[in-house]
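The values are calculated or read from the model by the stated rules, or taken from the named source; none is laboratory data. Since the model is a prediction, treat every value here as computed from it, not as a measurement. Here the Cβ positions follow ideal geometry from the backbone for every residue, glycine too, while neighbour counts run over all protein chains shown.
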Amino acid sequence: MKEKEGFVDCPEQQMILYVEKEDGQFGPMQTGSFITKNYIDDYFDKRKNLVSSLREKINQQEISPVEFFMILEDLTPKELSARVRLPLRKVKKHLLPVHFEKLSDDLLQRYASVFNITTVQLVGAIPGQDPLIAEPAKP
């Protein structure tokens with residue numbers, strides 16, 4: 001790639017490319033990210049639609065908050081099982097709302113730590129709340 005072909009005006013995300021300079025030598029060049037400049041809005045729109053559709057499934061009692069966050073984090077049940085240190089069959093049960101309601105505080109904490117959220121955010125993924133923002137404690 002030639003130096004002038006590698007330039008992308010995207011100050012939000014910079015990167016280094018190795019390009020052919022005008023004198024025929026190869027060397028580093030700082031430029032913006034082509035993908036960020038051209039496709040980041042599409043990603044955020046798709047993510048917003050995914051969250052919306054998953055929230056609707058939670059409202060209809062089709063999935064539990066564990067499945068909600070598992071999908072958002074792009075994990076498989078097997079990967080989640082290994083991270084939470086539970087048998088796969090138990091993790092699959094916890095994907096259903098009826099079994100999620102029976103989880104102990106210890107298991108809620110283990111799931112929350114895998115998803116890098118608090119237990120309040122995990123339980124707060126239930127209808128009408130933003131699962132990524134913890135509700136402030138009420139006096």
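Of the residues screened, LEU50 is one that is among the hydrophobic types (A, V, I, L, M, F, W, C), assigned to a helix (DSSP H, G or I), within 19 Å of ILE117 (Cβ to Cβ) and outside the structural domain of ASN116 (by TED's automatic domain parsing).
Restricting attention to the stretch 63-74, the residues that are without any contact (Cβ under 8 Å) to a residue 24 or more places away in the chain and either in a loop (DSSP other than H, G, I, E, B) or not assigned by TED's automatic domain parsing to the domain that holds SER113 (or both) add up to 1.
Whenever a residue of the stretch 95-117 is in the same structural domain as LEU80 (by TED's automatic domain parsing) and among the aromatic types (Phe, Trp, Tyr), its partners that are at pLDDT below 95 and not in a helix (DSSP H, G or I), lying with C-beta atoms within less than 8 angstrom and at least six residues away or across chains, give the pairs PHE100/SER64; TYR111/LEU103; PHE115/GLU73. When restricted to residues that are touching a residue at least 12 places away in the same chain (Cβ under 8 Å) and surrounded by fewer than 16 Cβ atoms within 10 Å (Cβ to Cβ), the stretch 52-61 contains 2.
Go through the residues of the stretch 85-99 one by one and say whether even a single one is of a type in the set (A, V, I, L, M, F, W, C) and closer than 18 Å to THR118 by Cβ. Within the stretch 85-99 (the criterion being of a type in the set (A, V, I, L, M, F, W, C) and closer than 18 Å to THR118 by Cβ), the answer is no, since none of the residues qualifies. Selection of the stretch 123-139 for residues being under 17 Å from the mean Cα position of the chain (by Cα) and either more than 18 Å from HIS94 (Cβ to Cβ) or modelled with pLDDT of 90 or more (or both) yields ASP130, LEU132, ILE133, ALA134. Of all the numbered requirements in (1) over 18 Å from the mean Cα position of the chain (by Cα); (2) within 22 Å of GLY124 (Cα to Cα); (3) hydroxyl-bearing (Ser, Thr, Tyr), SER33 misses one, and that requirement is (2). Checking every residue in the stretch 34-44 against the condition of being on the phi < 0 side of the Ramachandran plot and touching a Cys at 6+ places or on another chain (Cβ under 6 Å) gives at least one match.
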